[in-house]
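Every read-out reported here was derived from the displayed coordinates using simple, explicitly stated rules and does not represent laboratory data. All of these numbers come straight from a predicted model, not from anything done at the bench. Using ideal geometry, Cβ is built from the backbone for each residue, glycine included, and neighbour counts are taken over all protein chains shown.
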Amino acid sequence: MTQDFAKIRPEPLLEKKPAQAPPAWSMMITGIVVGMALGVFASVLVYVAGYVPPINNGPQPAAMVAERDNSAAATPENIEGETPELRLEFYHELANYEVPVDATPVEINEASLDEPMAVQYMLQSGAFQQRERATQEMQRQQSLGLEVAVVSEQLNGRTLYLLQSGPYQTQRQLDTAENLLRRNNINTLRTRVQ
């Protein structure tokens, strides 16, 4: 008896249900546990290998270090049994390497700070491509008590908006403004008034 296998219908395959991914919180907990286990295992390996640095109890006062050095030098058993401590001598040797300089000391008296300067300076405290940002920074610096203005300049075909204050007539005014900007983390650039 012959059968025609082409006419036989195959049995329906079982319906395939897609596997659901585990919840995200279980994956996170699994990652944390595996990470902690690997960290503990690596720490044990480092400890067993002997790569653990010695415990440092922090810096000791100089008087205690000098006293310990004097007492260690006095006892002969310390000389044979222990290795000597590292002694840094460059603190004492730096005085021997002074470099003579041909400089004339200048005394700065308070009256010279209030005298008008021969060259007047402006302080530039920002350069922006957008006028709105320059205006915001100008308002911030004005709230600090400075007289700041936005000046537009053409540079390589682009317009830059520069924040400038001054001109300052005396050295004291210039130093006061620079210190105020520096305390507020604002960098400055001195420019000469021509």
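Summary value for segment 100-194: 39 percent relative contact order, contacts being C-alpha pairs under 8 angstrom separated by 6+ residues.
3J(HN,Hα) along segment 176-183: 5, 5, 4, 5, 4, 5, 5, 5 Hz, from the Karplus curve 6.51 cos²θ - 1.76 cosθ + 1.60 with θ = phi - 60°, whole Hz, x for Gly and Pro. Average projection, convex hull of the Cα set of segment 147-194: 4.1 square nanometres.
The modelled label-to-label distance for the pair Asp102/Val52, using points 7 Å beyond Cα in the direction of Cβ, is 6.3 nm. Mean projection of the Cα convex hull over all viewing directions, computed for segment 113-192: 5.3 nm². Residues in segment 129-145 carry Karplus couplings, in order, of 8, 10, 5, 4, 5, 5, 5, 4, 5, 4, 5, 4, 6, 5, 5, 7, x Hz; the curve used is 6.51 cos²θ - 1.76 cosθ + 1.60 with θ = phi - 60°, and Gly or Pro positions show x.
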